[in-house]
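Accompanying notes for the structure given below.
The values are calculated or read from the model by the stated rules, or taken from the named source; none is laboratory data. This is a predicted model, so every value here is computed, not measured. Cβ coordinates were reconstructed from backbone atoms using ideal geometry, including for glycine residues, and neighbour counts include every protein chain displayed.
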Amino acid sequence: MKPPRQPVFVAPPIYRSRRLRDAARFVPVLGAVLMLLPMLWAPEPDGARSTARDGIYVFAIWAGLIVATRLLSTRLDEDTPGSGPDED
Amino acid sequence: MGKHVLLIEDEPNISEAIRFILTRDGFRVSCHHQGRDALDVVRAEQPDALILDAMLPGRNGYDILRDLRAEPATAALPVLMLTARGQGRDRELAEAAGASGFMAKPFSNAEVLASVRALLGQT
Amino acid sequence: MPFNLLVLACLAYVAFLFTVAFVADRRAEAGTLPWLSSPLVYTLSLSVYCTAWTFYGAVGYAARSGLEFVTIYLGPTLVFIGWWVVLRKLVRIAKTQRVTSIADLISSRYGKSSLLGVVVTLICVTAATPYIALQLQSVALSFSVFASDTPDGWHLPDRDTTALWVAGGLALFTILFGTRNLDANEQHHGVVTAIAVEAVVKLVALVAVGVFVVWIVADGPADIVTRIDASRLAGWELVPGRWAGLIFLSAAAILTLPRMFQVLVVENADERHLSTASWAFPLYLAAMSLFVVPIAVVGLEVLPDGSNPDLFVLTLPLALDQGGLAMLAFLGGFSSATSMVIVAAIALATMVSNHVVMPLILAFGERKGTEPGDLRRVVLLARRLSIAGVMALGYGYYTLTGGSGALAATGLIAFVGVAQILPAMLGALFWRGATRTGAMLGLGTGFGLWLYTLYLPSFGQGAVIAAHVFEGGLFGLGWLRPEALFGISGMDPLLHALFWSLAVNTLLFVGGSLLTFPSPMERLQGARFVQAFDQSGPAPGWSRGQAEPEDLLVMAQRILGEDVALAFFQANARAQGKDGYLPDITPAFMNDLERRLSGSIGAAAAHAMIAQIAGGASVSVEDLMAVANETAQIMEYSARLEAQQDELTRTARQLREANDKLTQLSVQKDAFLSQISHELRTPMTSIRAFSEIMMDEDVPPELCARYAGIIHDEAIRLTRLLDDLLDLSVLESGTVQLTLRTASLRDMLDRALQAAGSTRPERDFALHRDGQAEQVTVSSDIDRLTQVFINIISNARKYCDAEAPALRIVVRRKGDQVQVDFIDNGSGIPKPSQALIFEKFARLTDSAKAGGAGLGLAICREIMQNLGGSIAYLPGQGGAAFRVVFPATLVLPIGGPA
């Protein structure tokens, strides 16, 4: 089934809600990338890494993701029910 | 002096029979056997009465009758139509064409006589 | 810390949980539980993810492998942060399709397949068993910590009995609160509330220990960091494969673990709770993970070497004389273990009863008894037995393995097991091309590989899989070694198993789906699932209902209970505008009923039950073909109608033409009759007239004789006319009887000339004949043929107007045809009249000359037709000429003349 034709120019609120949803889809990707980043860091010459440093890094990212999600989810909550078609 | 009756009939036997009956009764009868020149003959002879057969070679009797009625000279001429087709329609046709009387074949001789007499105002 | 006090506290706690569950259930039934509609409870219930493995095992994991333990919680975090992508759709679909478990989801999506339901159930039960054993082990361990004074001491018999008691108690709790009734939504409010309470206890306990460690034992976060750097845990090894693999694995697990599906999807009351959970649950996980490393570090410092790090959460407070804290920790651990087992048991029992027991009942289909509630009781009994069974399995696994290996490893094995469902699940949600065959293949091989490479080896070499298989591979094939498939050795066993099982699973799933064609049901469900967010869904599934509403009501009562079923039916009837309890069997109603029932017994079973009664499956290719057939029939019918209409118009036209012809004929007949009348009346007139004349006396005798003669002649004429008419009629009607004789043509002509000689005898005709040619033997109706000759010759005698009349008779022979020409030397017949003369009553000249009625030639024509010949006027001969043609030998067709 073909999706209905999307107009090129939409009203600002619709545009914003669509970008909001894009953000919601992007954040987990960002999170995944950030969490996998430690894989790329060159390990210490003896193969060991600092637990403390990595630990702080992980929890910091974790906290950041939580906060970002909190903001997004609140916005999305206000935005949704029944406002415009989903682009799923 | 008897009245002059013109008989236009193509069957010779019938013609003879009618002539006999009328002549016996004192009429002067002349016969003609063609339809084609019937009108001329009528005009020429100027009979007192006319006995006209419906089916004549050359022209049918009804047309002849209509023409006769159209002419002022013969418009009032008493005409007796004879026909062998015995349907009621024929009587109407004859009357419509202007016949004064109508007789179907076969006829009784007495009836023919009576009709001719009536046509000529005699009893 | 006295052991007895602990037991008392434990029992009190359990009693408290029971109470909470009971009250919550009651209030939920009454509908007055606002707390349940809070997203907080929902988020807290999600904490069943954090089991004893989290509570105890994380510390142990950290002590052994550093930060790697975090991966177990990072996966779910990412999944929840990305709730908009997967979770939202999952919850939405499950709500609209009334999915009761993960097995139900897969089964429903792939054409409501019972087989798939069974397979998924099997995978889940197999994977959950060690997990449950793990919880039992933790509880037993935690008890034993208190039971002996030394941190690691336990008494083996005690431990087993403890585990048994725990298992039994859990089974009781679960049965009590998990199988009270068959809720259409499969929501267990009491249980969820109890779980939420336990979640709080867990968190509080762990955080309390953590806070104690960081701020009491150590001097705040900075000090902790220093201690970490100074401890054995200062450095850790990040194995990239494990780091990424475990994050992926935990992400898969959060979606596919049966207990997670239960609390996340099935028990979800409001979709919007998801948006809260999206950040709140990662927060919970972060909080649970935050203090793990500090506890591990301090534990390593404080406790003697060789202590089981898995129990640091308990043993550390104990070692530091914090009895109260230790008890709190114990309760926290207890909560972790028990909440997992309860929810897992419910989830598994639902799956087993819906996908294993119900199909079996349906397969052996006799309906036992007709009392309503019958089936319900069966289903509930099945549930309870399943719960007990699951517990038994867990306990069995526990005793079998004797608690070998670290807790963490067991959990991961289970993770890989349930992860096999992931490809089929994601396909179900996002890929319309996913088919049942693909799912079956993927699930089957994934499960098998998991068993072979991870699960069975976990029992130890030689326990299930013989030791030599490990060395030399299956059937001696080196590349089939359980821990080194295809020669890829040296891989971490877990990753090895994860890689192979999922890779082959996905490959076969995708390949199988691409290569097979789904059934109409699959496609329907596929559309429904993948397009769950579209406003307009596909049309309802039940197209034909031959069910009686009463039958459906009886069935519904058996599953939903009398009151609920009646209420449901009544509501539907009212929605349709009907009074009473029985709505019309519309597709919409059937769909609604199916959804309602599937909430209790699963989609596949509900579908099958309704199909049993309704007699027809929902839209199938056969149905579509039947509809297409009907359409074709209708089209054919209307085409036939059109054809009929055309025919009717044609027939009407033909009728009109026939009518016109008949009218014409009627006119002709009238003309004919009047003509006949004329012909008959004319001689009659003479006869009558002369008869009357003769009846008068004064007729001279010579006239009398004459007149008598006329009468005679006319009488004869009349008779002849009548004869001719009769003759003609007979000839025309084709019923004439022909008399076959043989004669010579010459004799016939002689006779004809003689007979015709009486016509106008006074005229003397010169005759020209050809004697030789006349020597023809004719075999025909001689008399009639002669009659024709007589007619023609008479005509010639009557009408030939030459001064010296002559008649020529020419005979010619052409094969079997004889041709006789009669030619006179008169003026002939003018062209316009040449066809006319053969018509009845046609007379060219006045009747006086003719003396006949004009039927002669008409009769001749008819006779010739009957004799298989013809008569025609021959123009251009100078005079009138007639050609008579006839076969010398007349062959009569059987049954009548030609």
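For B:D90, the conditions (1) at pLDDT below 90; (2) in contact with a Lys or Arg (Cβ under 7 Å, 6 or more places away or on another chain); (3) of a type in the set (D, E) are fulfilled apart from (2).
Sort out which residues of the stretch B:1-29 are surrounded by 14 or more Cβ atoms within 10 Å (Cβ to Cβ), among the small types (G, A, S) and touching a residue at least 24 places away in the same chain (Cβ under 8 Å), and write them in order of number. Hit for the stretch B:1-29 is B:A17, nothing else. Checked across the stretch C:781-788, the condition of being assigned to a loop (DSSP other than H, G, I, E, B) and touching a residue at least 12 places away in the same chain (Cβ under 8 Å) holds for at least one residue. Scanning the stretch C:681-702 for residues that are aliphatic (A, V, I, L, M) and either in contact with a strand residue (DSSP E or B) (Cβ under 9 Å, 6 or more places away or on another chain) or within 8 Å of chain B (Cβ to nearest Cβ) (or both) gives C:M684, C:I687, C:A689, C:I693. The sole residue among B:A73, B:A84, B:A110 that is farther than 15 Å from B:H32 by Cα, within 9 Å of chain C (Cβ to nearest Cβ), out of contact with any Gly (no Cβ under 8 Å at 6 or more places or on another chain) and surrounded by fewer than 16 Cβ atoms within 10 Å (Cβ to Cβ) is B:A110. What residue, among those in the stretch C:300-355 that are of a type in the set (D, E, K, R) and in contact (Cβ under 8 Å) with a residue 60 or more places away in the chain, is farthest from C:A128 (Cα to Cα)? Among them, the one singled out is C:E301. When the helices (runs of 4 or more DSSP H) confined to the stretch C:219-292 are screened for residues that are modelled with pLDDT of 90 or more, among the aliphatic types (A, V, I, L, M) and closer than 27 Å to C:L348 by Cα, those reaching at least 1 such residues are found at C:240-256, C:258-261, C:273-290. Of all the criteria given as (1) within 14 Å of chain A (Cβ to nearest Cβ); (2) in contact with a helix residue (DSSP H, G or I) (Cβ under 8 Å, 6 or more places away or on another chain), the one not satisfied by C:A222 is (2). Residue count for the stretch B:12-32, restricted to those that are within 11 Å of another protein chain (Cβ to nearest Cβ) and within 17 Å of B:K105 (Cα to Cα): 10.
Note on the stretch C:172-205: residues that are among the aromatic types (F, W, Y) and at pLDDT 85 or above total 1.
How many of the residues making up the stretch A:15-35 are at the interface with chain C (Cβ under 7 Å from one of its Cβ atoms) and either in contact (Cβ under 8 Å) with a residue 24 or more places away in the chain or crowded, with 16+ Cβ neighbours inside 10 Å (or both)? Don't jump to the end; show me each part of the working.
Residues of the stretch A:15-35 that are at the interface with chain C (Cβ under 7 Å from one of its Cβ atoms), as a first pass: A:21, A:24-25, A:27-28, A:31-32, A:35.
Remaining after also requiring either in contact (Cβ under 8 Å) with a residue 24 or more places away in the chain or crowded, with 16+ Cβ neighbours inside 10 Å (or both): A:21, A:24, A:27-28, A:31-32, A:35.
Within the stretch A:15-35, residues that are at the interface with chain C (Cβ under 7 Å from one of its Cβ atoms) and either in contact (Cβ under 8 Å) with a residue 24 or more places away in the chain or crowded, with 16+ Cβ neighbours inside 10 Å (or both) number 7.
Just for the stretch C:268-285: of the residues that are within 8 Å of chain A (Cβ to nearest Cβ) and over 16 Å from C:S47 (Cβ atoms), which one is farthest from the chain's Cα centre (by Cα)? That would be C:S275.
Looking at the stretch C:806-823, can you tell me whether even one residue there is out of contact with any helix residue (DSSP H, G or I) (no Cβ under 6 Å at 6 or more places or on another chain) and part of a loop (DSSP other than H, G, I, E, B)? Yes, the conditions are met somewhere in the stretch C:806-823.
B:L68 meets each of the listed conditions (1) over 14 Å from B:E9 (Cβ atoms); (2) within 13 Å of chain C (Cβ to nearest Cβ); (3) not charged (D, E, K, R) apart from (2). Only one of the numbered conditions (1) modelled with pLDDT of 90 or more; (2) under 22 Å from C:D670 (Cβ atoms); (3) in a helix (DSSP H, G or I); (4) not basic (K, R) is not met by B:M81, and that is (3).
Which residues, taken from the stretch C:733-780, are part of a helix (DSSP H, G or I), small (G, A, S) and at pLDDT 85 or above?
Within the stretch C:733-780, C:A752, C:A755, C:A756 meet the criteria.
For first residues located in the stretch C:729-757 and surrounded by 14 or more Cβ atoms within 10 Å (Cβ to Cβ), partners that are of a type in the set (D, E) and in a helix (DSSP H, G or I) and lie 6+ apart or on another chain with Cβ distances below 8 Å form the pairs C:L731/C:E862; C:E732/C:E862. Does A:I61 satisfy the condition of being part of a helix (DSSP H, G or I), buried (at least 17 other Cβ atoms within 10 Å of the Cβ), more than 7 Å from chain C (Cβ to nearest Cβ) and at pLDDT 90 or above? Against the criterion (part of a helix (DSSP H, G or I), buried (at least 17 other Cβ atoms within 10 Å of the Cβ), more than 7 Å from chain C (Cβ to nearest Cβ) and at pLDDT 90 or above), A:I61 qualifies. Which residue is nearest to the other protein chains (Cβ to nearest Cβ), if the candidates are limited to the stretch C:63-72 and must be crowded, with 24+ Cβ neighbours inside 10 Å and modelled with pLDDT of 90 or more? Ranking the qualifying residues of the stretch C:63-72, first place goes to C:V70. Looking only at residues in the stretch C:703-731 that are under 11 Å from C:L855 (Cα atoms) and acidic (D, E), the one that is nearest to the other protein chains (Cβ to nearest Cβ) is C:D724. Is it the case that the stretch B:52-73 has a residue that's touching a residue at least 60 places away in the same chain (Cβ under 8 Å) and out of contact with any Cys (no Cβ under 6 Å at 6 or more places or on another chain)? Looking through the stretch B:52-73, none of the residues is touching a residue at least 60 places away in the same chain (Cβ under 8 Å) and out of contact with any Cys (no Cβ under 6 Å at 6 or more places or on another chain). In summary, B:P106 fulfils each of the numbered conditions (1) part of a helix (DSSP H, G or I); (2) modelled with pLDDT under 90; (3) within 21 Å of C:I710 (Cα to Cα) with the single exception of condition (1).
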